[in-house]
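Student: Structure provided below as structure tokens; questions to follow.
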Amino acid sequence: MHYELYLPFPPSNNNYYMKTQRGVYISEKGRKFRDQVAEAISQQVPGEFIDERMLVETVYFMPDNRKRDVANYSKALHDAITEAGLWEDDSLIDQNFEYRGAVHKKGSVFIRITPAAPVMPIGMTPPED
């Protein structure tokens, strides 16, 4: 498995979710983003489905030079990919690397998905309590 995708720039967590007295919902902006991701995935990797552990590398090409927390975008992106049906669930991500790319006028995301690599070298074990 090896996938490389270009996706639209996600809304931040602050704009993806909408909190009301009834609970937390996905905002209109979030629903629009989900639809755009589903369309991009269906065009770039139609019919593909991932159900194994993965390493995900993401490059965020910000739409401008404003101060932004890169980690504030991954949840919306991963949820939209899950909703689009490319992978079973984002809980399958064992390694997640996020990078800030150059400024791109509309903003976009490059994401590479490969099989998860071993976390520790062979023969190493975590310390005992």
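Student: Sequence neighbours fewer than 8 away in the same chain don't count; with that in mind, list the lysines whose C-alpha is under 22 Å from residue 75.
Tutor: Answer for residue 75, where 22 Å is the Cα cut-off: 19, 29, 32, 67, 106, listed by chain and number.
Student: While we're on this one: How many nm separate the modelled label positions at residue 12 and residue 64, each set 7 Å beyond the Cα in the direction of the Cβ?
Tutor: Each label point lies 7 Å from its Cα, and together they span 1.2 nm.
Student: Another question, if that's okay. Relative contact order (percent) for the range 1-116, with alpha-carbon contacts under 8 angstrom and 6 or more residues of separation?
Tutor: 43 percent
Student: Under a Cβ-Cβ cut-off of 13 Å, what is the net charge of the residues other than residue 96 that fall near it, where Lys and Arg count +1 and Asp and Glu count -1?
Tutor: Residues close to residue 96 contribute a combined charge of -1.
Student: To the nearest 0.05, how large is the calculated FRET efficiency for residue 83 and residue 29 if R₀ is 22 Å and r is the Cβ-Cβ distance?
Tutor: After rounding to 0.05, the efficiency reads 0.90.
Student: Quick one: helix 74-84 against the long Cα principal axis of the chain, what's the angle to the nearest 10°, folded into 0 to 90?
Tutor: Roughly 90 degrees between the two axes.
Student: When the Cα centres of the range 1-15 and the range 52-89 are compared, how far apart do they sit, in Å?
Tutor: Answer, in whole Å: 4.
Student: At 1.4 Å probe size, with the rest of the protein present, what percent of the exposed accessible area of the range 56-113 is carbon and sulfur atoms?
Tutor: Using a 1.4 Å probe with all protein chains present, the range 56-113 comes out at 47 percent carbon and sulfur.
Student: Let me know the shape class of the range 30-129, please: from the alpha-carbon gyration tensor, a ≥ b ≥ c as square roots of the eigenvalues, rounded when a/c is under 1.5, otherwise prolate if a/b is greater than b/c, or oblate.
Tutor: Oblate, since a/c reaches 1.5 and b/c is not below a/b.
Student: Between residue 103 and residue 44, what is the FRET efficiency for a Förster distance of 22 Å, r being their Cβ-Cβ separation, to the nearest 0.05?
Tutor: Efficiency at R0 = 22 Å is approximately 0.45.
Student: Further question on the same structure: Enumerate the residues in the range 6-26 having an amide nitrogen under 20 Å from the point lying 7 Å beyond the Cα of residue 71 toward its Cβ.
Tutor: Residues passing the 20 Å test: 10-17.
Student: Now a separate question. Once the Cα atoms of helix 28-44 and of the chain are each reduced to a long axis, what angle between those two axes, in degrees from 0 to 90 to the nearest 10, is obtained?
Tutor: Taking the Cα atoms of the chain, the angle to 28-44 is about 60 degrees.
Student: Another question, then. When ligands, DNA and RNA are left out and all protein chains stay put, how many square angstrom of accessible area per residue does the chain have with a 1.4 Å probe?
Tutor: Result: 64 Å² per residue.
The values are calculated or read from the model by the stated rules, or taken from the named source; none is laboratory data. Predicted model, so just to flag it, every value in this text is computed and none were measured. Positions of Cβ are backbone-derived with ideal geometry, glycine not excepted, and every protein chain shown enters the neighbour counts. Ligands, DNA and RNA are stripped out before the accessible areas are found, and what is left, the full protein with its side chains, is counted by its heavy atoms. Shrake-Rupley method; radii C 1.70, N 1.55, O 1.52, S 1.80 Å.
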